[in-house]
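Written below as structure tokens is the structure these notes are about.
The values are calculated or read from the model by the stated rules, or taken from the named source; none is laboratory data. A quick note: this is a predicted structure, and the numbers were derived from the prediction, not measured. Heads up, the Cβs are rebuilt from the backbone with ideal geometry, glycines too, and the neighbour counts pull from every protein chain shown.
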Amino acid sequence: MSTRTLKMTCGFPVVVFALFAFTSLASAATCDRTCLLEQAKQFNANMLARTIEKVPLAVGANIRENAKAIALRDSKWTGVTKLLSDGVYADPILGNVIEHVAAETADGKTVYIGTRLKVVDSKIKEVEINFDDGPRVNVKNLVPYDPIFNTIVPLEERSTREELTRIITSYFKGLTDHNPIQADYDPRCDRYHSGNRVTHNPRNGIEQSGDDGCYESNLGPKPWGPATEVRIGLVDSERGIVIGYAILYYGNSDRRMQINEVFKILDGRLRMVDNIGLMEQGITSSGFAE
């Protein structure tokens, strides 16, 4: 056999091995934005169709709803019959896809659902659901989902991932010490709680904060704090989005609120907040504390 023939013959398995290795690496690679959005889409479809067995859960997946460990088949999601609107966000670096969904149940009730899926090696390792089916869900501000959250931020107004993380870490610190950094807030900033505008709204009926904006509403003595188990679940610099989680204490009582907030940041300042906050007795942990 000639040297040239030997090289060609020996080269074949090398090429095959290289292709196999490349394919293996690709299959284990981080799920990109398109992949994560597809995971959310398929999750929704399977929950609506009650084909929960088709959801690609990892072995031992951590599944929680309103901070309680559940089996996915027991989620309140199974009572949803149709989606009315949704905002979906993806972060390939953290492997999270997170959505806020307005939906309708079989009895015609509007609910608001926050769902976080953590995807590792094409499997869902974590499912974190915040399900608000209370009477204060306000459909008029949820359908359609506010387009401001999905607009691309102009380059001159865009913050880095590090800057966005710093702003929201400071925001949650302000829930504890009630000394927010004014420069982090646009004066027009509004916060919505399951569709209810609780800032610049003297009649909001939730926080009784008068005409205060996002900055003023957390300034000075407040009945809430500290904020514990603060987590940044997603950062999207292109869209100016950060999604954060925390357990918020209320004085010396055993009342706790698990909060899941989508923040829109323009030109380095908070412009809009979409919050799902669920108050329950005795919440001690989200179950996802690092």
Can you tell me which of 191, 197, 203 is under 21 Å from residue 130 (Cα atoms) and modelled with pLDDT under 95? 197
Any chance you could count how many residues in segment 129-155 are among the β-branched types (Val, Ile, Thr), part of a loop (DSSP other than H, G, I, E, B) and closer than 28 Å to residue 238 by Cα? 4
Residue 289: at pLDDT below 90 and under 19 Å from the mean Cα position of the chain (by Cα), yes or no? yes
Considering 153, 120, 111, which residue is surrounded by 16 or more Cβ atoms within 10 Å (Cβ to Cβ), at pLDDT 95 or above and under 30 Å from residue 71 (Cα atoms)? 111
Just checking, how many residues over segment 127-150 are surrounded by 20 or more Cβ atoms within 10 Å (Cβ to Cβ) and over 20 Å from residue 272 (Cβ atoms)? 4
Given (1) touching an Asp or Glu at 6+ places or on another chain (Cβ under 6 Å); (2) closer than 21 Å to residue 89 by Cβ, where does residue 202 come up short, assuming only one miss? (2)
Which pairs do you get when a residue that is within 13 Å of residue 131 (Cβ to Cβ), found in segment 58-81, comes within reach of a residue that is loosely packed, with under 14 Cβ neighbours inside 10 Å and of a type outside the set (Asp, Glu), reach meaning Cβ atoms under 8 angstrom, with the pair 6+ apart or on two chains? 63/69; 63/71; 67/285; 78/50; 79/106
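Would you check which residues across segment 73-94 are among the β-branched types (Val, Ile, Thr) and either farther than 22 Å from residue 61 by Cβ or modelled with pLDDT of 95 or more (or both) and list them?
Just the residues of segment 73-94 that are among the β-branched types (Val, Ile, Thr), to begin with: 78, 80-81, 88, 93.
Within segment 73-94, 80, 81, 88, 93 meet the criteria.
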For segment 227-261, the count of residues that are more than 16 Å from residue 166 (Cα to Cα), of a type in the set (S, T, N, Q) and touching a residue at least 12 places away in the same chain (Cβ under 8 Å) equals 3
What's the number of the condition residue 40 fails, among (1) in contact (Cβ under 8 Å) with a residue 40 or more places away in the chain; (2) exposed (fewer than 15 other Cβ atoms within 10 Å of the Cβ); (3) part of a helix (DSSP H, G or I)? (2)
For residue 283, indicate whether it is crowded, with 18+ Cβ neighbours inside 10 Å, at pLDDT below 90, touching a strand residue (DSSP E or B) at 6+ places or on another chain (Cβ under 7 Å) and part of a loop (DSSP other than H, G, I, E, B). yes
Checking residue 170 against (1) over 17 Å from residue 249 (Cβ atoms); (2) small (Gly, Ala, Ser); (3) crowded, with 18+ Cβ neighbours inside 10 Å: exactly one of these is not met. Which one? (3)
First in segment 169-188 and in the same structural domain as residue 242 (by TED's automatic domain parsing) and modelled with pLDDT of 95 or more, second anywhere and hydroxyl-bearing (Ser, Thr, Tyr) and assigned to a helix (DSSP H, G or I), Cβ under 8 Å, 6 or more apart: 180/170; 180/171; 181/170; 184/170; 184/171
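Take segment 59-113 and flag every residue that is of a type in the set (Gly, Ala, Ser), farther than 16 Å from residue 38 by Cα and not in a loop (DSSP other than H, G, I, E, B). Step through it out loud before you land on a result.
Start the filter on segment 59-113 by keeping residues that are of a type in the set (Gly, Ala, Ser), which leaves 60-61, 67, 69, 71, 75, 79, 85, 87, 90, 95, 102-103, 106, 108.
Retained after the next criterion (residues that are farther than 16 Å from residue 38 by Cα): 60-61, 67, 69, 71, 75, 79, 85, 102-103, 106, 108.
Across segment 59-113, the qualifying residues are 60, 61, 69, 79, 85, 102, 103.
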